[in-house]
Amino acid sequence: ESSKSYLSIPSIISACEISGSEAVHPGYGFLSENSKFSEILRDHNIKFIGPSPEHIGIMGDKINAKKKMEEFGVPCVPGSNGKLKNVKEARDLAKKIGYPVLLKAAAGGGGIGMKIVESENHLEDLLIQARSEAIKSFNDDTIYLEKFLKKPRHIEVQIFGDGKGNAVHLGERDCSLQRRHQKVLEETPSPAIGNEERKSIGETCKSAMKKMKYEGAGTVEFLYENGEFFFIEMNTRLQVEHPVTEAVF
């Protein structure tokens, strides 16, 4: 049972101490993006093969991730600067950036707590629904708002950092074919962008990771529409689809 093994931090620490292990590779799923796990390993002088607890924490919260990426010059989707305080704030912002808009759970993933709002008439009800889903699934009802892009490509950039200010990017993967917000097919290079755009977005991601002093593997995810990239989130781990990149680079 995973709750007593792969999800049990005390069990993993015990296994490391019994076996004399000096490091843990988190893989994907389970505790791979759990900042507390990374922090506890550090406290026990066990190397977490991945980012610092601080970077996992920042990028695990989509609002903080967006703020951090904006600081580093990474283009982001227009929207709220943080948590929506109330319906009035949501209405005012949606009117300013134009419908349709997207409500998203800050701690979310897999489309949970995500609602497309086509008009002001539906905003209040969908905000209530998004908050309800978020609190049930993530124990966090923080919702933020973004401009909804109607037909974007979904493009992600694979990066690696050494934690000392050096970083590389390994091109992009195009995962635009999705079902229920879950990726169905990945391809690289993306057929939607040219060499100049590829170089530009790769260098932008590499620059941001160097400034962060990011360590380990990571994937910076973007929506792409009409020649523009918009950051949406970062996965602070090796993704399941990494062999697609490895087959090419």
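Report the per residue volume, in Å³, of the convex hull enclosing the C-alpha atoms of the range 1-99.
Details: hull volume 15.0 nm³, N = 99.
Taking the convex hull of the Cα positions in the range 1-99, it is 152 Å³ per residue.
Assign unit charges at the C-beta atoms only (+1 for Lys and Arg, -1 for Asp and Glu), then state the dipole size of the range 81-182 relative to its Cα centre in Debye, rounded to the nearest 20. Don't jump to the answer; show the numbers that get you there.
Working: 18 positive and 14 negative charges, 32 e Å.
Here the range 81-182 has a charge dipole of around 160 debye.
Once phi is turned into ³J(HN,Hα) by the Karplus curve 6.51 cos²θ - 1.76 cosθ + 1.60 with θ = phi - 60°, what whole-Hz value does each residue of the range 238-247 show in order, with x for glycine and proline?
6, 8, 4, 8, 4, x, 4, 5, 4, 5
For the chain, what is the charge dipole size about the Cα centre, in debye to the nearest 20, if Lys and Arg each add +1 at the Cβ and Asp and Glu each add -1 at the Cβ? Provide the component values of the computation, followed by the final result.
Values: 34 positive and 36 negative charges, 96 e Å.
Approximately 460 debye in magnitude.
Could you work out how far the C-alpha centroid of the range 17-66 sits from that of the range 196-249, in angstrom?
Here the two parts' Cα centres lie 20 Å apart.
Cut-off 10 angstrom, C-alpha nodes, Gaussian network model of the chain. Which of GLU172, GLU186, GLU124 fluctuates the most?
Ranking GLU172, GLU186, GLU124 by mean-square fluctuation puts GLU124 first.
Whole-Hz ³J(HN,Hα) for each residue in the range 230-235, computed from phi via Karplus 6.51 cos²θ - 1.76 cosθ + 1.60 with θ = phi - 60°, x for glycine and proline: what do you get?
Once rounded to whole Hz, the list reads 9, 4, 10, 6, 10, 9.
How much accessible surface area, in Å² rounded to 10, belongs to the heavy atoms of ASP61 with a 1.4 Å probe?
40 Å²
For n ≥ 4 DSSP H runs only, could you compute -39500 (n - 2.57) per run for the chain, divide by its residues and tell me the 222 nm figure to the nearest 500? Present the calculation step by step, with values, prior to reporting the outcome.
Values: 8 runs with 91 residues, N = 249.
Only helices count here, giving -11000 deg cm²/dmol.
On a 25 Å Cα-Cα criterion, which of the cross-link pairs LYS47/LYS104; LYS136/LYS213; LYS115/LYS136; LYS62/LYS183; LYS67/LYS199; LYS95/LYS211 come out too long? All intermediate terms of the calculation are to be shown ahead of the outcome.
On the way: LYS47/LYS104 34 Å; LYS136/LYS213 34 Å; LYS115/LYS136 15 Å; LYS62/LYS183 19 Å; LYS67/LYS199 23 Å; LYS95/LYS211 35 Å.
Where the Cα-Cα span goes over 25 Å, the pairs concerned are LYS47/LYS104; LYS136/LYS213; LYS95/LYS211.
Return the distance in nm (one decimal) between the two label points of a simple spin-label model at TYR6 and GLN178, each offset 7 Å from Cα along Cα→Cβ.
2.3 nm
Starting from the range 16-97, pick out the GluC sites (Glu not before Pro) whose DSSP state is loop and whose Cβ has at most 10 other Cβ atoms within 10 Å. Please report the intermediate quantities before stating the final value.
Working: sites: GLU17, GLU22, GLU33, GLU39, GLU54, GLU70, GLU71, GLU89; in loops: GLU22, GLU33.
For GluC sites (Glu not before Pro) across the range 16-97 that sit outside H, G, I, E and B with at most 10 neighbouring Cβ atoms in 10 Å, the list reads GLU22.
In the Gaussian network model of the chain, springs joining C-alpha atoms below 10 Å, which of GLY20, GLY194, GLY50 carries the largest mean-square fluctuation?
GLY20
Pick out which of VAL157, VAL87, VAL168 has the largest mean-square fluctuation in a Gaussian network model of the chain, springs linking Cα atoms closer than 10 Å.
Greatest mean-square fluctuation among the candidates belongs to VAL87.
Apply the a/c threshold of 1.5 to the C-alpha gyration tensor of the chain and tell me whether it is rounded, prolate or oblate.
Because a/c hits 1.5 or more and a/b fails to exceed b/c, the chain counts as oblate.
Pop out the ³J(HN,Hα) list for the range 136-146 in order, Karplus 6.51 cos²θ - 1.76 cosθ + 1.60 with θ = phi - 60°, rounded to Hz; leave Gly and Pro as x.
5, 8, 10, 6, 7, 9, 5, 10, 10, 10, 9
Expressed as an acute angle from 0 to 90° and rounded to the nearest 10, what is the orientation of the C-alpha long axis of helix 87-97 relative to the principal long axis of the chain?
Approximately 80 degrees, to the nearest ten.
The values are calculated or read from the model by the stated rules, or taken from the named source; none is laboratory data. Just so we're clear, the structure is a prediction, and the values are computed from it rather than from any experiment. Quick reminder, even Gly has a Cβ in these numbers, built from the backbone with ideal geometry, and neighbours come from all protein chains shown. Ligands, DNA and RNA are stripped out before the accessible areas are found, and what is left, the full protein with its side chains, is counted by its heavy atoms. Shrake-Rupley method; radii C 1.70, N 1.55, O 1.52, S 1.80 Å.
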